Protein chains: 2
Amino acid sequence: MKIPAEAKKVFQGVIFAVWQWQQKMFDGSLETFELLSRRGTVDIIAVVGNKIIILQQEQPTKPMYPSLPGGVIADGEPHLMAAKRELLEETGYKSDDFELLAAYEKVRSKVYHPEYIYFAKDCQKIAEQSLDAGEKIKVTFVNFDEFLQLGRNEKFLISPNFRALLYEALLDKEKRRELKLKLFP
Amino acid sequence: MKIPAEAKKVFQGVIFAVWQWQQKMFDGSLETFELLSRRGTVDIIAVVGNKIIILQQEQPTKPMYPSLPGGVIADGEPHLMAAKRELLEETGYKSDDFELLAAYEKVRSKVYHPEYIYFAKDCQKIAEQSLDAGEKIKVTFVNFDEFLQLGRNEKFLISPNFRALLYEALLDKEKRRELKLKLFP
């Protein structure tokens, strides 16, 4: 489902907005239904030679955790642009070859949080990191097998949908081969 | 992390609440940080003989999907009570032997959504279903292997944390044996 056309925004915050509408039940009665939307995010699987970039991040409220480069899509920003911007800001790397690997755009469990996973081929370092006051980021590198195993680490901060994709690649040889071939053709 | 003590509730809805506070950044500057909380939920792995109950649910905004019995914890209700109540309402089954399998209580990706997975041993049917106007529920049964495979079905509506637990049981023989032994001693 998407956000229903009749839904009204009852709250708008920095990241989150809340929507409500009157929903007809199976017996014809009405109930207030509620749904959350949050700003869309992008994550980038950035390939450098035969490795993938993994960030070791620290934030003011969180101890060190691994993540992909990525972040929040700005107002009106196309998600591809956001992916290119975040990769450059967080790592100093650039790629001329971005491809969308997965898009998650459905309301799930009352939450609308569009997520886009890109992969960026043949990345080259062209600048230094340019970090926000709320970011401390170390760039590290893993190989394909280490990347799949990282999906099993609960501290690895990724979309639950994408985590399932990594688990599937671990369970299913054919899916693993396909994913590997995409990242390292 | 938990919800910071200095956070202020800036919105309270039916299910969701939004919290904000001024967070000190690494350079000493302040930024408005935001966090979502949603009502806690319970899910129950209900064992009947050598099978596990799976619901086929339909809701006014959603086509049929599989889920565990479960639902939202009421105000002030202990989660064990909620688990017993939801199992009885949604299935008509009762157990005298509930055990907490997993509790997820940390803020993850700016969301505080406490989730409790119970398993209920040796369930007996003692009543008919007692459903809300917004529920159509069919009770079905799967064996242990079918249950693990269901974790791979993206339509299966469960906690992402619990989905990872099921994937781990598929990948790791020892974890699979442990989980099976817990459910079917």
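The values are calculated or read from the model by the stated rules, or taken from the named source; none is laboratory data. Model, not experiment: these values are computed from the prediction. When we count neighbours, we look across all protein chains shown, and the Cβ atoms used for this are built from the backbone with ideal geometry, even at glycine. Remember, those area values only see protein heavy atoms, side chains included, never the ligands or the DNA or RNA. Shrake-Rupley method; radii C 1.70, N 1.55, O 1.52, S 1.80 Å.
Quick notes on this one:
- For segment B:68-99 and segment B:148-178, distance of Cα centres in Å: 22
- The mean accessible area for residues of segment B:1-70, using a 1.4 Å probe and ignoring ligands and nucleic acids, is 44 Å² per residue.
- For B:Phe141, the residues whose amide H sits under 5 Å from its own are B:Ile54, ignoring neighbours fewer than 5 places away on the same chain, with H placed 1.01 Å from N.
- Under 22 Å from B:Lys8, Cα to Cα: lysines that are on another chain or at least 8 residues apart: A:Lys9, A:Lys62, B:Lys24, B:Lys106, B:Lys110
- The accessible area of A:His113, taken with all protein chains in place and a 1.4 Å probe, comes to roughly 30 Å².
- Taking only the C-alpha atoms of segment A:24-175, the Rg (one decimal) and the largest Cα-Cα distance, Dmax (whole number), read 17.4, 62 Å.
- Whole-Hz Karplus values for segment A:3-15 come out as 5, x, 4, 7, 5, 10, 6, 9, 8, 10, x, 6, 10 Hz, taken residue by residue from phi with 6.51 cos²θ - 1.76 cosθ + 1.60 and θ = phi - 60°; glycine and proline positions read x.
- Between segment A:13-64 and segment B:116-146, the C-alpha centres lie 29 angstrom from each other.
- Angle between chain A longest axis and helix A:173-183 axis [Cα atoms, degrees, rounded to 10]: 70
- Loop-located trypsin sites (Lys or Arg not before Pro) in segment B:1-75, at most 14 other Cβ atoms within 10 Å (DSSP): B:Lys2
- Rounded to the nearest 20 debye, the dipole size of segment B:1-132 about its Cα centre is 280 debye, using +1 on the Cβ of Lys and Arg and -1 on the Cβ of Asp and Glu.
- Note that segment B:159-166 has calculated 3J(HN,Hα) couplings of 4, x, 5, 6, 4, 4, 4, 5 Hz, one per residue in order, obtained from phi through the Karplus relation 6.51 cos²θ - 1.76 cosθ + 1.60 (θ = phi - 60°); glycine and proline are x.
- Simple rule: put +1 on each Lys or Arg Cβ and -1 on each Asp or Glu Cβ in segment A:111-185, find the dipole, and look at A:Phe156, A:Ile126, A:Phe144; the Cα lying farthest toward the positive end is A:Phe144.
- Kirkwood-type radius of the protein assembly as shown, with distances r between different C-alpha atoms, in Å: 22.4
- The protein assembly as shown - charge dipole about Cα centre, Lys and Arg +1 at Cβ, Asp and Glu -1, debye rounded to 20: 360
- Computed from point charges on the beta carbon alone (+1 for Lys and Arg, -1 for Asp and Glu), the dipole magnitude for segment A:102-185 about its Cα centre is near 220 Debye.
- GNM flexibility winner over chain A from A:Phe141, A:Phe26, A:Phe16 (Cα, springs under 10 Å): A:Phe26
- A straight Cα-to-Cα reach below 22 Å connects A:Lys121 with the lysines A:Lys51, A:Lys84, A:Lys94, A:Lys138, A:Lys175, A:Lys180, A:Lys182, residues fewer than 8 places away in its own chain not being considered.
- 3J(HN,Hα) couplings calculated from phi for segment B:47-58 with the Karplus curve 6.51 cos²θ - 1.76 cosθ + 1.60 (θ = phi - 60°) are, in sequence order, 9, 10, x, 9, 10, 10, 6, 10, 8, 9, 10, 10 Hz; Gly and Pro show x.
- Rel. contact order, % - alpha carbon contacts under 8 angstrom, at least six apart, chain B: 22
- Between B:Lys125 and A:Arg108, the FRET efficiency estimated from the beta carbon spacing at R0 = 56 angstrom works out to 0.95.
- Accessible surface of the protein assembly as shown, 1.4 Å probe, proportion on carbon and sulfur as whole %: 51
- Residues of segment B:29-68 with amide N under 15 Å of the 7 Å Cα→Cβ point at B:Lys180: B:50-52
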